[in-house]
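Before any comments, here is the structure.
The values are calculated or read from the model by the stated rules, or taken from the named source; none is laboratory data. Note that the structure is a prediction, hence the values are computed from the model and not measured. Reconstructed Cβ throughout: ideal geometry from the backbone, glycine too, with neighbour counts over all protein chains shown.
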Ligand SMILES: [Zn+2]
């Protein structure tokens, strides 16, 4: 059973789960988009 990237980093809530930098620092719009892509990929993989 694989642990999803997002769930794996839930123990670091102050860090962005995509780029690993502080959420309060920088622009994470790309990260949220990437997070959505990962979610869609997971959904597609589960559908196969
Ligand atoms: Zn980020």
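Determine if the stretch 5-21 includes at least one residue that is assigned to a helix (DSSP H, G or I), touching a helix residue (DSSP H, G or I) at 6+ places or on another chain (Cβ under 9 Å) and modelled with pLDDT of 90 or more. For the stretch 5-21, residues assigned to a helix (DSSP H, G or I), touching a helix residue (DSSP H, G or I) at 6+ places or on another chain (Cβ under 9 Å) and modelled with pLDDT of 90 or more: absent.
Scanning the stretch 22-48 for residues that are surrounded by fewer than 13 Cβ atoms within 10 Å (Cβ to Cβ), modelled with pLDDT of 85 or more and outside any helix (DSSP H, G or I) gives 22, 24, 25, 26, 27.
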